[in-house]
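Student: The structure is given below, and queries will be raised subsequently.
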Amino acid sequence: MTTPCPDAIRSVLIVGGGTAGWMTAAALAHAMPRGLAITLVESDAIGTVGVGEATIPPIRLFNQTLGIDEAEFLSETKGSFKLGIEFVGWGREGHRYFHPFGTHGKSFDLVAVHQHWLAAGGNDSGIAFDDLSMAWGAGRHGRFAAPMADPRSVASTFDYAYHFDAGLYAAFLRRYAEARGVVRVEGKIAAHDLEGARGHVASVTLERGDILEADLFIDCSGFRGLLIEEALGTGYEDWTHWLPCDRAVAAPCVTGGDGLTPYTRSTARAAGWQWRIPLQHRTGNGYVYCSRHISDDEAAATLMTNLDGEALGEPRFLRFTTGRRKLMWNRNVIAIGLSSGFMEPLESTSIHLIQAGIAKLLAYFPTRRFEPEAIDEYNRVAITEYERIRDFLILHYKLTERTDAPLWRECAAMPIPDTLAMRIAHFRAAGRLVARDMDLFGPASWAAVHIGQFNMPEGLDPLLAYGDPAQSRAFIGRLAGAIGQMAQSMPSHADWLGKIGAIA
């Protein structure tokens, strides 16, 4: 009979609340229902970033694992559905394309759908590449329904995520976690104490004098990195030479314009880009920009003059340095969320990186011995995940043909990581998509950006030399027609939210 581990972690202290802290607390409480004391310390006087309101499909797995009902979650967070991201003005001024969740149709042979589209003439075929995506077929008409389980249906080829109010999500998860025994402590941390032998964090001291001890510390303190950086001096790898935006200004507004669209929109501006995220009660907006090319006042003015409706608050500013900690797990401290690094929200990865950190925490959960093998593997995987996402974000900036502003000219000309240069070259040569371990974004995502931003292949997959171009033309025609018909049969986004009881 196996006996319980005598060196098991008995206490965890989560430093910081917000989305990262309460997602971590909820996941630990669910995974370890007894024998682990989970404490979260946060201060109501310290604000959270709170601008991450768009997600990608893996968030559904997180909620499902915790047993969270989708309709209740959407109602409590005033959420909506998300089928992907529309990019406006990224490749060229005024041009639009869609990055869908799911695939572009489903191949009928060994050749990818985008290759058949290219063989049929590409843009000259009379069918836009976006029209081969069920996610865009529904999204462009403001429609939504759950994907079908039948793999023969084109309605099985898309996926979805959510838009939601991040502050309400944190509050929702706080209720979940506290109901399962998580203890919240109110207060600001004034100091920390390190062990003499291993240099581990032994405790933190609050301003009022309380001392909080734990075996394991989870740093969810945001950009400050109160433990991972201030206590342990872990170091930071700066990526702004590839991703030059270093500030953001955000402001919500009354929903207007296109209304409750089931997708996020990213619109390129002269010095960065603007997000639009539709929720049930408002629309979230922000301008992510490079401070070398625009002042804070000018950025705020640009944002406020490009809102769908009346502003519901004053502009809020955020400064950041894109990059990552040199280690996400150092000694007995694991950084999760913004304390581990920052990726601008271009592809809605902020909340996913929290989720990924939690998944690795559970997969490599330590004992009080803090085995170096687990720590090393956690860091290897985490760093690889960050670098894969980094390359995908850089792709958007590198593949611009805009010459109207200094930022875009600089990005088009900048050197890029070899890992990304290789992928761009492969696609440009023959439309081939190179997949790597721990890619968060799959072939359909890369194809959407390559084609959407005019990195058109000079040749085709050699397998197409053995096929009939007429078959390719017929295939994409049938696929686009099926998507159009299915989209027309779907209810509106708002009607679907009402149908499942998700309206707040």
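Student: Restricting to the stretch 280-299, what's the tally of residues that are in contact (Cβ under 8 Å) with a residue 60 or more places away in the chain and either assigned by TED's automatic domain parsing to the domain that holds Leu74 or crowded, with 23+ Cβ neighbours inside 10 Å (or both)?
Tutor: 2
Student: Right, next: Applying the selection to the stretch 156-170, what residues are aromatic (Phe, Trp, Tyr) and not in a loop (DSSP other than H, G, I, E, B)?
Tutor: Phe158, Tyr162, Tyr169
Student: Does the stretch 36-51 contain any residue that is in a loop (DSSP other than H, G, I, E, B), at pLDDT 95 or above and surrounded by 14 or more Cβ atoms within 10 Å (Cβ to Cβ)? Explain how you work it out, then say what you get.
Tutor: Residues of the stretch 36-51 that are in a loop (DSSP other than H, G, I, E, B), as a first pass: 36, 43-51.
Checking which are at pLDDT 95 or above leaves us with 36.
If we keep only those that are surrounded by 14 or more Cβ atoms within 10 Å (Cβ to Cβ) as well, we get 36.
There is at least one residue in the stretch 36-51 that is in a loop (DSSP other than H, G, I, E, B), at pLDDT 95 or above and surrounded by 14 or more Cβ atoms within 10 Å (Cβ to Cβ).
Student: Based on what the data block shows, is Thr65 of a type outside the set (D, E, K, R) and touching a strand residue (DSSP E or B) at 6+ places or on another chain (Cβ under 6 Å)? Explain how you work it out, then say what you get.
Tutor: Values: of a type outside the set (D, E, K, R): yes; touching a strand residue (DSSP E or B) at 6+ places or on another chain (Cβ under 6 Å): no.
Considered against the rule, which asks whether it is of a type outside the set (D, E, K, R) and touching a strand residue (DSSP E or B) at 6+ places or on another chain (Cβ under 6 Å), Thr65 comes out as no.
Student: Please verify whether Glu230 is in a helix (DSSP H, G or I), at negative phi and outside the structural domain of Asn285 (by TED's automatic domain parsing), treating the condition exactly as stated. First the steps, then the outcome.
Tutor: On the way: in a helix (DSSP H, G or I): no; at negative phi: yes; outside the structural domain of Asn285 (by TED's automatic domain parsing): yes.
Criteria not met by Glu230.
Student: If you take the residues in the stretch 92-108 that are surrounded by fewer than 22 Cβ atoms within 10 Å (Cβ to Cβ) and over 21 Å from the mean Cα position of the chain (by Cα), which one is nearest to Ile394 (Cα to Cα)?
Tutor: Selected residue: Arg92.
Student: Scanning the stretch 453-464 for residues that are assigned to a helix (DSSP H, G or I) and in contact (Cβ under 8 Å) with a residue 60 or more places away in the chain, which turns out farthest from Gly122 (Cα to Cα)? Please lay out each step first, then the result.
Tutor: We begin by selecting, within the stretch 453-464, every residue assigned to a helix (DSSP H, G or I); these are 462-464.
Subset that is in contact (Cβ under 8 Å) with a residue 60 or more places away in the chain: 463-464.
Values: Leu463: 17, Leu464: 14 Å.
Step by step, filter the stretch 453-464, then rank; the result is Leu463.
Student: Follow-up question, since we're still on this one. Take Gly256 and tell me if it is at pLDDT below 95 and part of a loop (DSSP other than H, G, I, E, B).
Tutor: So Gly256 passes the test.
Student: May I pose another question? Taking the conditions exactly as written (in contact with a helix residue (DSSP H, G or I) (Cβ under 9 Å, 6 or more places away or on another chain), over 21 Å from Arg432 (Cβ atoms), buried (at least 18 other Cβ atoms within 10 Å of the Cβ) and at pLDDT 95 or above), does Asp69 satisfy them or not? Outline the logic, then answer.
Tutor: Numbers: in contact with a helix residue (DSSP H, G or I) (Cβ under 9 Å, 6 or more places away or on another chain): yes; over 21 Å from Arg432 (Cβ atoms): yes; buried (at least 18 other Cβ atoms within 10 Å of the Cβ): no; at pLDDT 95 or above: yes.
In short, no.
Student: (1) buried (at least 21 other Cβ atoms within 10 Å of the Cβ); (2) within 17 Å of the chain's Cα centre (by Cα): which one isn't true of Leu361, the others all being true?
Tutor: (2)
Student: Take Thr255 and tell me if it is β-branched (Val, Ile, Thr), buried (at least 17 other Cβ atoms within 10 Å of the Cβ) and under 18 Å from the mean Cα position of the chain (by Cα).
Tutor: Details: β-branched (Val, Ile, Thr): yes; buried (at least 17 other Cβ atoms within 10 Å of the Cβ): yes; under 18 Å from the mean Cα position of the chain (by Cα): no.
Against the criterion (β-branched (Val, Ile, Thr), buried (at least 17 other Cβ atoms within 10 Å of the Cβ) and under 18 Å from the mean Cα position of the chain (by Cα)), Thr255 does not qualify.
Student: I need a count of the residues in the stretch 109-155 that are surrounded by fewer than 20 Cβ atoms within 10 Å (Cβ to Cβ), touching a residue at least 40 places away in the same chain (Cβ under 8 Å) and assigned to a helix (DSSP H, G or I).
Tutor: Going through the stretch 109-155 one residue at a time, the tally reaches 2.
Student: Of all residues being in contact (Cβ under 8 Å) with a residue 60 or more places away in the chain and of a type in the set (A, V, I, L, M) in the stretch 395-416, which is farthest from His241 (Cα to Cα)? Just the residue, please.
Tutor: Restricting attention to the stretch 395-416, the residues satisfying the condition of being in contact (Cβ under 8 Å) with a residue 60 or more places away in the chain are 396-397, 399-402, 404-408, 410-411, 414, 416.
Checking which are of a type in the set (A, V, I, L, M) leaves us with 399, 405, 407, 414, 416.
Values: Leu399: 16, Ala405: 17, Leu407: 12, Met414: 8, Ile416: 9 Å.
It comes out as Ala405.
Student: A follow-up question, please. Considering only the stretch 433-452, state which residues are in a loop (DSSP other than H, G, I, E, B) and modelled with pLDDT of 95 or more.
Tutor: Going residue by residue through the stretch 433-452, those that are in a loop (DSSP other than H, G, I, E, B) are 433-442.
Selection gives Leu433, Asp439, Leu440, Phe441, Gly442.
Student: Just give me the residues in the stretch 308-330 being over 29 Å from Ile358 (Cα atoms) and part of a loop (DSSP other than H, G, I, E, B), in sequence order.
Tutor: Restricting attention to the stretch 308-330, the residues satisfying the condition of being over 29 Å from Ile358 (Cα atoms) are 308-315.
Matches in the stretch 308-330: Asp308, Gly309, Glu310, Leu312, Gly313, Glu314, Pro315.
Student: Within the stretch 379-405, restricting attention to residues that are of a type in the set (S, T, N, Q) and part of a helix (DSSP H, G or I), which residue is nearest to Cys290 (Cα to Cα)? So that I can check it myself, show each step before the final result.
Tutor: Step one: of the stretch 379-405, the residues of a type in the set (S, T, N, Q) are 379, 384, 400, 403.
This time we only want the ones that are part of a helix (DSSP H, G or I), so: 379, 384.
Details: Asn379: 29, Thr384: 26 Å.
It comes out as Thr384.
Student: Only one of Arg269, Arg276 is within 18 Å of the chain's Cα centre (by Cα) and of a type in the set (Lys, Arg); which? Spell out how you get there, then give the answer.
Tutor: Working: Arg269 fails: within 18 Å of the chain's Cα centre (by Cα).
Only one candidate qualifies: Arg276.
Student: Let me ask something additional. Quickly run through the stretch 250-275 and pick out the residues that are under 23 Å from Asp404 (Cα atoms) and among the charged types (D, E, K, R). Before the answer, list the steps.
Tutor: In the first step, residues of the stretch 250-275 are kept if they are under 23 Å from Asp404 (Cα atoms); the result is 265-275.
Result: Arg265, Arg269.
Student: In addition: Could you please find all residues in the stretch 378-418 being crowded, with 21+ Cβ neighbours inside 10 Å, charged (D, E, K, R) and more than 22 Å from Trp446 (Cβ to Cβ)?
Tutor: none
Student: Among the residues of the stretch 467-504, how many are under 17 Å from Arg143 (Cβ atoms), in a helix (DSSP H, G or I) and either out of contact with any strand residue (DSSP E or B) (no Cβ under 9 Å at 6 or more places or on another chain) or not hydrophobic (A, V, I, L, M, F, W, C) (or both)?
Tutor: Count: 13.
The values are calculated or read from the model by the stated rules, or taken from the named source; none is laboratory data. Keep in mind the model is a prediction, meaning the values are calculated, not measured. Note that each Cβ is placed from the backbone with ideal geometry, even for glycine, and that neighbours are counted across all protein chains shown.
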